[in-house]
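These notes are about the structure you will find just below.
The values are calculated or read from the model by the stated rules, or taken from the named source; none is laboratory data. All values derive from a computational prediction rather than experimental measurement. Every residue, glycine as well, gets a Cβ built from its backbone with ideal geometry; the counts of neighbours run over all protein chains shown. Heavy atoms of the whole protein, side chains included, go into the accessibility calculation; ligands, DNA and RNA do not. Shrake-Rupley method; radii C 1.70, N 1.55, O 1.52, S 1.80 Å.
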Amino acid sequence: TSSPSIRAIVGSLVVVAVAILALGLPMTLPTMLGCAFILFGAGQVIKLCVDATIQTDIGDESRGRVFSLYDTLFNITTVVAIALAATVVPSNGHSPGLVVVIALVYLLGIVGFVLVTRKRAA
């Protein structure tokens, strides 16, 4: 993981996983809002890293189409994640087990991302 973008992505995912556990588990409105702020901030950092990669790696003739597709997929996955959360979270909103599972998913995402980027570098 030598590229600045790769380090920024991994760092953002680590910050989110820690924030989910540290701020999500108390299950109070202020801590959950802080967690949401960090989550969406990290998401924007990751999106900017991908945007920069697309900007440098995709030729001028197809860059617009790639950006359109990427932005559409980013927005669709955000909506799907919110809809999925609405079906899984209990009506009282209290689900510490789900918070831990989500943090673990982020940690697994880090492992998967590092493995994929190492294979590409090799």
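A few comments on the model shown:
- Checked against (1) in a helix (DSSP H, G or I); (2) in contact (Cβ under 8 Å) with a residue 60 or more places away in the chain; (3) open to solvent by 60 Å² or more (accessible area, probe 1.4 Å), residue 117 meets all criteria but (3).
- Residue among 69, 25, 73 that is open to solvent by 50 Å² or more (accessible area, probe 1.4 Å), in contact (Cβ under 8 Å) with a residue 60 or more places away in the chain and over 15 Å from residue 109 (Cβ atoms): 25
- Screening segment 87-117 for residues that are small (Gly, Ala, Ser) and within 20 Å of the chain's Cα centre (by Cα) and picking the one that is farthest from residue 18 (Cα to Cα) gives 112.
- Test: residue 51 is within 26 Å of residue 122 (Cβ to Cβ), acidic (Asp, Glu) and surrounded by 12 or more Cβ atoms within 10 Å (Cβ to Cβ): yes
- Extreme residue, farthest from residue 110 (Cα to Cα), among residues of segment 2-22 that are surrounded by 16 or more Cβ atoms within 10 Å (Cβ to Cβ) and of a type in the set (Val, Ile, Thr): 20
- The single condition among (1) free of Cβ contacts under 8 Å to residues at least 60 places away in the same chain; (2) part of a helix (DSSP H, G or I); (3) in contact with a Leu (Cβ under 9 Å, 6 or more places away or on another chain) that residue 107 does not satisfy is (1).
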